[in-house]
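Encoded as structure tokens, the structure appears first; notes follow it.
The values are calculated or read from the model by the stated rules, or taken from the named source; none is laboratory data. Just so you know, these numbers come straight off a predicted model, no measurement behind them. Neighbour counts run over all protein chains shown; Cβ positions are idealised from the backbone, glycine included.
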Amino acid sequence: MTEVNLELNQVPAMKNKRKDSFSPRKSFFLIFLTLVLSVGGWFAVGKYYFWNNIDATRVNQQLEFYKQKVQSEPNNAKARVDLGYTYFLKKNNEAAVKEFNQALVIDPKDFDAYYNMGLVYIDDKRYNEALSKLSKAVELSPRDYKGHLGMGIAYRNLKMFKEAKDSLTTANKLMPTNANIIYEIGKVAEDQGDKDLAIEIYKEVLKFDPLYKSAIDALEHLK
């Protein structure tokens, strides 16, 4: 892994700074960004909310496999979650949620079922329902950063920016230098109207992962 040591005064200066360039909100993001980029190595993950990017040519085979798995082992909660995940890859969110709910009937404390269902609800823009499921996932596994990150995404879309920052801060403490966390920090800055800071954060993402498409698209949009 590449070691990153980026102090606050090494963050590239923004051109045409406004008088409020060191407002409390901006200071929070700069300090957060410095923390994220200074604590260790970097690794990139898939843009689809941490799920593996499976080749589309394999999805149908995977679907049939897990259908058969569930048919032969109807009380296998993990198989239900895997089938639900595969339905998500097929963009059949209704079927995905059905399988996740079946998994929870089998095991009411299944973190993966709550977590994945929350992310499907985010994909459907059902953010309050997403928070409900992700909150349960965090309750079951508070040390898993993904639940906190998912909550940050949901809070941001509900324009609950303080709560979004709190969730993302927790996610960062649990899993420093995660590309999705930094990207979401940029999205919060953008949604709060701080275009310059958002651009700065997206550029930092691309320094470590030049192919991070969401950050590329965001930069193109802001420019």
| remark: Expected output for the range 130-154 (first residue over 15 Å from Phe100 (Cβ atoms), partner surrounded by fewer than 23 Cβ atoms within 10 Å (Cβ to Cβ) and among the small types (Gly, Ala, Ser), Cβ below 9 Å, 6+ apart or cross-chain) is Met151/Ser135
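Going through Ala189, Ala171, Ala179 one at a time, which residue ends up being touching a Gly at 6+ places or on another chain (Cβ under 7 Å) and either more than 20 Å from Phe111 (Cα to Cα) or of a type in the set (Gly, Ala, Ser) (or both)?
Numbers: Ala189 fails: touching a Gly at 6+ places or on another chain (Cβ under 7 Å); Ala179 fails: touching a Gly at 6+ places or on another chain (Cβ under 7 Å).
Only one candidate qualifies: Ala171.
Can Arg156 be described as at pLDDT 95 or above, basic (Lys, Arg), farther than 17 Å from Ser214 by Cβ and touching a helix residue (DSSP H, G or I) at 6+ places or on another chain (Cβ under 8 Å)?
no
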| note | In the set Glu204, Glu163, the lone residue that is out of contact with any Pro (no Cβ under 8 Å at 6 or more places or on another chain), acidic (Asp, Glu) and without any contact (Cβ under 8 Å) to a residue 60 or more places away in the chain is Glu163
| request: Considering only the range 108-194, give the helices (runs of 4 or more DSSP H) lying wholly within it that have at least 3 residues that are among the β-branched types (Val, Ile, Thr). | output: 179-191
| note | Per the list (1) under 24 Å from Ile216 (Cα atoms); (2) of a type in the set (Lys, Arg); (3) surrounded by 21 or more Cβ atoms within 10 Å (Cβ to Cβ), residue check on Lys133 breaks on (1)
